[in-house]
1. Identify, from the list LYS121, LYS105, LYS21, the residue that is part of a helix (DSSP H, G or I), charged (D, E, K, R) and more than 30 Å from the chain's Cα centre (by Cα).
2. Cβ contacts < 8 Å: first residue surrounded by 12 or more Cβ atoms within 10 Å (Cβ to Cβ), restricted to region 50-78; second residue not in a helix (DSSP H, G or I), any location; separation 6+ or different chain. Result?
3. Which one of these does ALA34 not meet: (1) in a loop (DSSP other than H, G, I, E, B); (2) surrounded by 10 or more Cβ atoms within 10 Å (Cβ to Cβ)?
4. At pLDDT below 90, farther than 30 Å from VAL88 by Cβ and either assigned by TED's automatic domain parsing to the domain that holds ILE87 or of a type in the set (Asp, Glu) (or both) - does that describe any residue in region 39-54?
5. May I ask you to verify whether VAL100 is under 23 Å from LEU60 (Cα atoms), assigned to a helix (DSSP H, G or I) and not assigned by TED's automatic domain parsing to the domain that holds VAL63?
6. Which is touching a Phe, Trp or Tyr at 6+ places or on another chain (Cβ under 7 Å) and assigned to a helix (DSSP H, G or I), of ALA71, ALA54?
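The values are calculated or read from the model by the stated rules, or taken from the named source; none is laboratory data. This structure is a prediction, so every number in the text was calculated from the model and none was measured. Positions of Cβ are backbone-derived with ideal geometry, glycine not excepted, and every protein chain shown enters the neighbour counts.
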Amino acid sequence: MSMGQTEDEPTVGQLVANASKDLSSLIRSELELAKTELKSTAVAAGTGAGMFGAAGFLSLLAVILLSIAAAYGVHALGLHPALAFLIVAVLYLLIAAVLVLVGKKMIGKAKGPQRTIETSKESVEALKAIGKGD
């Protein structure tokens, strides 16, 4: 027994062991809490994604029905039904072509992380210089 220690006081080794045990228990508890929170968050996110999927599917059906209605609207102007559907289809193809051209132009403008590439090259050069002893 050390000079300033009484029989009721724990030793330094016991204190370290207790602290280690308490820290392990705390970490395990935090991990369990995180698992529980993530599980409920994942369920909510999955439900939300399902709702978006259903909305997308219904929107697709609406576009199809509106396309048919547009074709019959053109047919009501006096054109043959086949020609009316062809006009609507060509209109969609023109819209798709414009979207492709605009998308291609936007992708052409996209650049990589230029500053990051430059600073990375500078860092590599600096490390090479340090390695050579310059």
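1. Exactly one of LYS121, LYS105, LYS21 is part of a helix (DSSP H, G or I), charged (D, E, K, R) and more than 30 Å from the chain's Cα centre (by Cα), namely LYS21.
2. That search, which allows pairs on different chains as well, returns nothing.
3. (1)
4. no
5. Criteria met by VAL100.
6. Numbers: ALA54 fails: touching a Phe, Trp or Tyr at 6+ places or on another chain (Cβ under 7 Å).
Only one candidate qualifies: ALA71.
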